[in-house]
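Here the structure comes first, spelled out in structure tokens, and everything after it is commentary.
Just so it is clear, none of the values below were taken in a lab; they were calculated from the coordinates. Keep in mind that this is a model prediction, so the values were computed, not measured. Reconstructed Cβ throughout: ideal geometry from the backbone, glycine too, with neighbour counts over all protein chains shown.
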Amino acid sequence: MKKLTQKEEEILACFWAKGPMFVKELLDLQEEPKPHYNTLSTIVRILEEKGYISYKAYGNTYQYYAQITEEDYRKNTLNNVIDKYFGNSYTRVVSTLIEEEKLSIDELQDLIKQIKSKS
């Protein structure tokens, strides 16, 4: 899937949190200073073009909804980062986390237990 900008991710997150919405409803959720309606509508159309949301037509207005779950987006993004920055090596990811003290030995042992319990 195509990469999203930070603002596109924020808008997509609104659909995950609230479900199907019209652009007007999405605008009501935005913080001040609120973007212009047309700006928000453009971002929604870009998300649609990228395949992240779809819509249902009601006359000449559209209700948009997420095409991808938050979990699927998270997994896809993580896989892309691991592929791009770690040569698709999960071992390198874990090694980096341990070296940078983001993952303790105890946490690593807990992960090993989880893996073994799934086998």
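Just a few scattered comments:
- Test: residue in segment 39-50 that is surrounded by fewer than 14 Cβ atoms within 10 Å (Cβ to Cβ) and assigned to a loop (DSSP other than H, G, I, E, B): no
- Within segment 19-28, restricting attention to residues that are of a type outside the set (Asp, Glu) and surrounded by fewer than 14 Cβ atoms within 10 Å (Cβ to Cβ), the residue that is nearest to Tyr64 (Cα to Cα) is Gly19.
- Single unsatisfied condition, Gln63 versus (1) in contact with a strand residue (DSSP E or B) (Cβ under 7 Å, 6 or more places away or on another chain); (2) exposed (fewer than 11 other Cβ atoms within 10 Å of the Cβ); (3) of a type in the set (S, T, N, Q): (2)
Yes or no, residue by residue, for (1) among the charged types (D, E, K, R); (2) closer than 28 Å to Met1 by Cα; (3) part of a helix (DSSP H, G or I):
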| position | (1), (2), (3) |
| --- | --- |
| Glu71 | yes, yes, yes |
| Asn76 | no, yes, yes |
| Asn79 | no, yes, yes |
| Thr91 | no, yes, yes |
| Ile98 | no, no, yes |
| Leu103 | no, no, no |
| Asp106 | yes, no, yes |
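- Segment 15-37 residues that are without any contact (Cβ under 8 Å) to a residue 24 or more places away in the chain, paired with ones that are outside any helix (DSSP H, G or I) (beta carbon under 7 Å, 6 or more apart): Leu27/Lys34
- Scanning segment 57-74 for residues that are under 22 Å from the mean Cα position of the chain (by Cα) and farther than 12 Å from Val23 by Cα yields Ala66, Gln67, Ile68, Thr69, Glu70, Glu71, Asp72, Tyr73, Arg74.
- Only one of the numbered conditions (1) closer than 30 Å to Thr96 by Cα; (2) exposed (fewer than 14 other Cβ atoms within 10 Å of the Cβ); (3) among the charged types (D, E, K, R) is violated by Glu9, and that is (2).
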